[in-house]
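The values are calculated or read from the model by the stated rules, or taken from the named source; none is laboratory data. All values derive from a computational prediction rather than experimental measurement. As a convention, Cβ positions derive from the backbone with ideal geometry for all residues, glycine included, and neighbour counts pool all protein chains shown. The area values use the complete protein model at the heavy-atom level, side chains included, leaving out ligands, DNA and RNA. Shrake-Rupley method; radii C 1.70, N 1.55, O 1.52, S 1.80 Å.
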Amino acid sequence: VNQKSVISRKAALSYAIDLGILKAKNLLEDGDADGAVAQVTQLQQINSSDSSMLEDVYQLLVNAGSAKKADELFATTYATCKAVVDQFPDRAKHHNNLAWLLSRCAKQLDEGLKHANKAVELEPGNGAFLDTLAETHFQLGDRGKAVAISEKAVAILNGDAQVKRQLERFKNGKPADR
């Protein structure tokens, strides 16, 4: 940062969360599940409603034999995301965030489907919300629906690389693939 460029508070927070997630993943790669849990717990104190921090870390913790700790981290973020949805029931973003958390952690998928559908109902032209709905169907085992919805998301998002990777995963992968 210099006098001509300033990082916004939101960008700085996002950077801090991303860096913390990277640290947690590195700790898991090094076999330090407790360190990764401590890292994510610290991040949750900064922003417990940020479901992105559990996207990959949750499954990595489960794979490392720390399912109980992963579930505790999940419970914290779930409670916050659910409270936000309850407080702002007409905000598509909040429904989508909760649905994304549930689908990426493969938990309470019927509830996740309800919230993903609500997000798309509120903002039908939002490709990111369609991607969440596709992910939820994929986690529920409906590959055909996931592919059809994901194709719409790819079209809306002009071939976004991440959404295209998701589409390929829905076509050829397994729900546990990340």
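Of note:
- Between the beta carbons of ASN26 and LYS68, assuming R0 = 22 Å, the FRET efficiency works out to 0.50 to the nearest 0.05.
- Stretching the chain fully between ARG178 and LYS93 yields a gain of 28.4 nm (0.36 nm per residue, less the alpha carbon separation).
- Calculated from backbone phi, Karplus (6.51, -1.76, 1.60) coupling profile of region 55-61 in Hz, x at Gly/Pro: 2, 9, 4, 4, 5, 4, 5
- The accessible surface of the chain, taken with every protein chain in place and a 1.4 Å probe, is 51 percent carbon and sulfur.
- Gaussian network model of the chain, springs between alpha carbon atoms under 10 Å - residue of GLN44, GLN166, GLN108 with greatest fluctuation: GLN108
- Shape category assigned to region 49-93 from the gyration tensor of Cα positions, a/c cut at 1.5: prolate
- The residues of region 1-134 expose, per residue, 53 Å² of accessible area to a 1.4 Å probe.
- Shape category assigned to region 1-121 from the gyration tensor of Cα positions, a/c cut at 1.5: oblate
- Length-normalised contact order for region 1-121 - Cα pairs under 8 Å, 6+ apart - percent: 19 percent
- Ligands, DNA and RNA excluded, the heavy atoms of GLU111 present near 40 Å² of accessible surface to a 1.4 Å solvent probe.
- Shape of region 61-178, Cα gyration tensor, a/c cut at 1.5: oblate
- For the chain, calculated [θ]222 nm from helices alone, where every DSSP H run of n ≥ 4 adds -39500 (n - 2.57): -23500 deg cm²/dmol
- Karplus (6.51, -1.76, 1.60) ³J(HN,Hα), θ = phi - 60°, over region 18-24, in Hz, Gly and Pro reported as x: 4, 5, x, 5, 4, 4, 4
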